[in-house]
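The values are calculated or read from the model by the stated rules, or taken from the named source; none is laboratory data. Remember, it's a predicted structure, so these values are computed and weren't measured experimentally. Heads up, the Cβs are rebuilt from the backbone with ideal geometry, glycines too, and the neighbour counts pull from every protein chain shown. Ligands, DNA and RNA are excluded from the accessible area calculation, which covers all protein heavy atoms including side chains. Shrake-Rupley method; radii C 1.70, N 1.55, O 1.52, S 1.80 Å.
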Amino acid sequence: MRDMANKTRGLKRRDLAIGLAVAFIFVALGVFLLSESLETLDVQAEEMGLVGYNILASPFPEYVVPGFEDVWGTLLLGLASTVMIFMVAYAVGKLLAARLQADGATGAS
Amino acid sequence: MHIPDGFLSPAVAVVGFIISAIFLAVAVRKVGKRLDERMVPLMALLTALFFAAQMMNYPVVGGTTAHLLGGAVLGIVLGPWAGCISMTVILVLQCFLFADGGITALGANILTMGIVGVFVPFLIYSALSKLSKGRCAVVWLAVGAFLGDVLAAIVAGILLGLSTPVFQYGLEIAVPAMALHHSVIGAAEAVITVAVVLTLVRVRPEIMSLSPSMRSLVRVSGAPSKE
């Protein structure tokens, strides 16, 4: 994380920390205050007796840690997932940006 | 707006995968040629931010809830192709880790939220900003964000409506229901989009000036930019 922040001229480690803190607040709000999910799709499906399902077995279905089904488990999962998504997106961005640099180094358009 | 397994007909699901695959292939190619390395941390941060934002479910109409998409910020700030990749990262991880959206509907979910939800706000904002010569850019941000949400919901409704008899409601019910309910969250999306973009322009104008669609807003705001 330190490396990734220091290498950029604009977005510094402090910016990343503040941004992630805001994301953590969103997660906490989503877990404690705005957790009830009843989307239009779910209502329409319920009215016609259609049950949505998932073919793949997910490790954390519905954002719940198996064995820790309380809000604290969901909160920790949400926070850890936010950091993980940050790192995955960073890795994807780096890979794509590296292609640009490689093309530039070889003189490709 | 995440469609689970079992709601789409096989034909609609396949079309969703084909369209998404084409867009993602182009996105990887275009972003690989244009993405400034200095934008990567911002891309990662916005991706994480809107993953977290999607965990919040707001009450909308008739006791139902909806969540923010984040497509407008991703598309306008990062550019539509990088924004499409960011949203796809969110959707893929939500699908495989949390069963939020089905694997058979992943193509459709990328089509609605990762393509329509990202490209529409960008195109609307860019076109209106150009037409108005950079004036009222904040209004165009809000309009783009609102319409992006609503059109993404309409496309989801169309995919569901075309999936009869699997999804028994036809287009005439699925589309208006999705559009009505998501117009409420579209208003929230507009407010959040304006707040996030203006904060970024004010706090980090030098980073925002790397984004082609943001340069006019950086100039209008009077913030110093350096590349």
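Listing for the model above:
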| item | result |
| --- | --- |
| Filter pass, B:Val26 being out of contact with any Asp or Glu (no Cβ under 9 Å at 6 or more places or on another chain), open to solvent by 10 Å² or more (accessible area, probe 1.4 Å) and either within 7 Å of chain A (Cβ to nearest Cβ) or small (Gly, Ala, Ser) (or both) | no |
| Set B:Thr164, B:Thr199: member being open to solvent by 60 Å² or more (accessible area, probe 1.4 Å), closer than 15 Å to B:Ile76 by Cβ and of a type in the set (Val, Ile, Thr) | B:Thr199 |
| The one condition in (1) over 18 Å from B:Trp81 (Cβ atoms); (2) of a type in the set (A, V, I, L, M, F, W, C); (3) not in a loop (DSSP other than H, G, I, E, B) that B:Val92 fails to fulfil | (1) |
| Candidates B:Ser20, B:Ser9, filtered to the one that is open to solvent by 10 Å² or more (accessible area, probe 1.4 Å), under 15 Å from B:Leu111 (Cβ atoms), more than 9 Å from chain A (Cβ to nearest Cβ) and not aliphatic (A, V, I, L, M) | B:Ser9 |
| Residue identified as touching a residue at least 12 places away in the same chain (Cβ under 8 Å) and not in a helix (DSSP H, G or I) among B:Leu74, B:Leu8, B:Leu46 | B:Leu8 |
| Breaking point among (1) in contact with a helix residue (DSSP H, G or I) (Cβ under 7 Å, 6 or more places away or on another chain); (2) open to solvent by 20 Å² or more (accessible area, probe 1.4 Å); (3) more than 7 Å from chain A (Cβ to nearest Cβ); (4) more than 18 Å from B:Val89 (Cβ to Cβ), for B:Val14 | (1) |
